[in-house]
Structures are given as C-alpha cells and as structure tokens.
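Written below as structure tokens is the structure these notes are about.
Values in this text are rule-based calculations from the coordinates and carry no lab data. Keep in mind it's a predicted model, so treat the numbers as computed, not measured. Neighbour counts are summed over all protein chains in view; Cβ atoms, including those assigned to glycine, are modelled from backbone coordinates with ideal geometry.
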Amino acid sequence: MRAEKVLITGSGGQLGTALRKALINLYGREAVIATDLVPRTDEIGHIQLLDATNESKLGKMVGEHAITQIYHLAAILSANGETYPIQTWDINLKSWLNVLEVARKYLVKKVFFPSSIAVFGESANKVETAQTEYLDPLTVYGISKSAGEQWGNYYFSKYGVDVRSLRYPGVIGHESLPGGGTTDYAVEIYHRAIRNERFTCYLCEDTALPMIFMADAVRATLELMTAPKEKIRTRTSYNINGLSFSPKEIVASIRKWYPDFQVDYQPDFRQQIAENWPLSINDNQAQKDWKWSPHYQLDDISNEMITELLKKQKLPKKV
Ligand code: NAD
C-alpha cells in the first residue's frame, strides 16, 4: 500500500489554514503539500505556488510527489462571486475539472470537493433542507458548486475516481479571516467584539443561516475522507449540519462576554443571497452513512472564538 501523500489547493484560505494543520497531524509534515495562488511561509510551514486552473502544473506536482489524496479548496466564494461572475465560473469549474482529470490520469486514490449550502435556491424547503432537495441556486457560486457536485459524481460513476464531498454551512473559525462569503459576518463580528468596537452587520437581525464551527468542519472532512469506501453512498455531496442562528442570536451570545457590545444593521446585496439559502439543514444521510454529528453550539463557539482571538491579539483573557 502506498503511504498517503496529500495535496491541498487553496490552502492559504480560511478552511485551508485549519485543514492543513489537521492533515499534518494525521499524516505527518512531509506527507502534506500545501499550495495556493498566493505562496507564503507561516508558523505551520510553507505554502507553494500553484494556480489550480493550470492543469499541466497541477499534473506535474501530483506526478512528482506521487499524491494519493487531493483536497481541492481553491475557489471564489459567494459574495465575491457576484462581483466577478464569469471569472468565478471559470476559476471554480476549470480548477475542479483539472483536479478530476489529474486524479483520473495519475490514479489519485481520493479527492475532496467542498460544496456549499449555496447549491440550494428558491425551490428548496428552507427548514431542515434535505439532501435530495431540488437545486436551483441563484448565485454564480451556487451554480458552480452544484455543477461541481455533478462532475464529481460523473467521475466517480464513469472512471471510478473516489470523489467525496460535503456541503459546508457557513464556517466560523479564528484561524484566519474569511474570504468573501455571505456568512463572513459571523467571523468578523468576534474580531470587532474583542476590540470593543461597534459592528455593522450586512444581514438583517432575524436572518438565520446554517453555520458550523471550524473544528467540526475539519472533523467532518476527515471523518468523511477516512470512512471505508463502501460507506460513502452519496457521490454528489453530503449535507452536514452544525447549528443555525441569526445575527440577533450571535449578538446575544457575544453579550454574555461583552454586555455593552453594539451592532448596527445595514443589509446589502448579501441579504438577498442569504434569503435564498436554507434556514436549517437535514443531514440524516451523513449521520447514517458515516455517523456524522456536530459538537459545537453557539455559546461554545463564542467561548472559543473570544478566547483564541484574545490570545492572538495578546489581549487579557475575558471570563
Ligand atoms: P478562502 O477564500 O478563505 O480560500 C480560498 C483560497 O483559494 C484562497 O487562499 C485563494 O488564494 C485560493 N485560490 C483562489 N483561486 C485560486 C487558484 N486559481 N488556484 C489556487 N488557489 C486559488 O475560502 P475558504 O473559506 O477557505 O473555503 C475553502 C473551500 O470551501 C472553497 O471551495 C469554498 O467554496 C468552500 N466553502 C467554504 C465555506 C465557508 O464558509 N468558508 C462554506 C462552504 C464552502
């Protein structure tokens, strides 16, 4: 059996920063090749330059390092996608098709595709949105993710590429700042709170969305990717649930640590995106197939976000 050798694309982003650490813990530093459009060296290690839209460079790297797993995180996210729709389609789809083709040609054992709750649109039931709901996304990002899911399923059915995928809710983490999604407010709000600054929220106070804490998102990814192949019965993408909350609810949670925290509401174009997304997610299939269950509720998230951000900013601990 080949030793695992992992390639991550887009690894300098919000999810990549946390997933890179977890993969290094699991497989060892030498086994993880981190890449991004923006190369850099940080406390975790080095991120090499790789534009995932360049198939020959991607193929060369996969061949040279005898890669066994690819985590394809490179993408343009939902809010930025609406500013650059054509580029978003080009980057998100081209890079994913490159990964699938390279995986097929180089016999990569497993491939991970991060999909999103953005695949759901107007027709889907908003409450407890099921795995099999109709997909009619209204954003370019959602269209690119739903097409990406179908391509993953195609490469699995046609070529036997072991493609595995999750529909992440909005991911909340302290590792880095988010990269232009509709749920970014739920990360930025903690950065304001710990500096005792007022926060302006671009969503209405009652707009609830499905979210997940980074530790849960990373654990879900690794649980999916290490599950026995026969347990993976969904090859488009699995719904996974974390929790659902509105801006008003996160503010109430933050006020348990910062009672004077002030928020203004100035909804912008992201409000419309959010209104077409689910309020909550049904993840029965993931529970059944590979035993998914989230651990973090809202106050757990607030506690960890505040503690970790204060540590990072070298500010006194809040009790
Ligand atoms: P991010 O924007 O923080 O990071 C994406 C990274 O991709 C960036 O570092 C960027 O430099 C890189 N990138 C962009 N174009 C590239 C290219 N052509 N080649 C190589 N790298 C490129 O995003 P994230 O939050 O870390 O999300 C990672 C993945 O998870 C994305 O596919 C995203 O769609 C998906 N996802 C994220 C969320 C969330 O809430 N963060 C929710 C659902 C799905």
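For q = 0.13 Å⁻¹, what log10 I(q)/I(0) does the chain give under the Debye formula with an equal point scatterer on each alpha carbon and no solvent?
Taken in order of the listed q values, log10 I(q)/I(0) reads -0.94.
Which of 17, 119, 59 sits closest to the plus end of the dipole of the stretch 6-169, meaning its Cα is farthest towards the positive end, when Lys and Arg get +1 and Asp and Glu get -1 on the C-beta?
Towards the positive end, the residue furthest out is 59.
So which GluC sites (Glu not before Pro) in the stretch 1-69 are both in a DSSP loop and have at most 14 other Cβ atoms within 10 Å of their Cβ?
In loop regions of the stretch 1-69 (DSSP not H, G, I, E or B), the sparsely surrounded GluC sites (Glu not before Pro) are 43.
Could you tell me the calculated FRET efficiency between residue 226 and residue 188, based on Cβ-Cβ distance and R0 = 30 angstrom, to the nearest 0.05?
0.40
Report the dimensions of the stretch 66-105 along its three principal axes from the alpha-carbon atoms, largest first, rounded to Å.
37, 14, 9 Å, listed from the longest principal axis down.
State whether the stretch 232-309 is rounded, prolate or oblate according to the following rule on the C-alpha gyration tensor (a ≥ b ≥ c being the square roots of its eigenvalues): a/c under 1.5 gives rounded; otherwise a/b larger than b/c gives prolate, and the remaining case gives oblate.
Oblate shape, in that a/c is at least 1.5 and b/c is the bigger or equal ratio.
For the chain, what does -39500 (n - 2.57) per DSSP helix run (n ≥ 4), summed and divided by total residues, give at 222 nm, in deg cm²/dmol to the nearest 500?
-12500 deg cm²/dmol
Please give the helix 85-105 orientation as an angle from the longest Cα principal axis of the chain, in degrees from 0 to 90, rounded to the nearest 10.
Value to nearest ten degrees: 40.
Would you kindly state how much longer the chain becomes between residue 56 and residue 279 on full extension, computed as 0.36 nm times their sequence separation minus their alpha carbon distance, in nm to one decimal?
The span from residue 56 to residue 279 would gain 76.2 nm if fully extended.
Mind checking the full-extension length gain between residue 154 and residue 25? Use 0.36 nm per residue of separation minus the Cα-Cα distance, one decimal, nm.
Using 0.36 nm per residue and subtracting the Cα-Cα distance, I get 43.3 nm.
About the Cα centre of the chain, how large is the charge dipole given +1 on each Lys and Arg Cβ and -1 on each Asp and Glu Cβ? Please answer in debye to the nearest 20.
Around 1100 debye, computed over the chain.
Would you kindly state how much longer the chain becomes between residue 130 and residue 4 on full extension, computed as 0.36 nm times their sequence separation minus their alpha carbon distance, in nm to one decimal?
Numbers: separation 126, 0.36 × 126 = 45.36 nm, distance 3.36 nm.
Taking residue 130 through residue 4 to full extension adds about 42.0 nm, to one decimal.
With the crude spin-label approximation of a point 7 Å out along Cα→Cβ, what separation in nm comes out for residue 260 versus residue 299?
In this crude label model, residue 260 to residue 299 measures out at 2.4 nm.
Return the tail of the calculated pair distribution for the stretch 1-83, meaning the percent of Cα-Cα pairs more than 14 Å apart.
61 percent
Compute the convex hull volume of the Cα atoms of the stretch 89-130, divide it by the residue count, and report the result per residue in Å³ as a whole number.
Measuring per residue, one finds 96 Å³ for the Cα hull of the stretch 89-130.
Rounded to whole Å and sorted largest first, list the principal axis extents of the Cα atoms in the stretch 6-169.
Extents along the principal axes: 46, 35, 30 Å.
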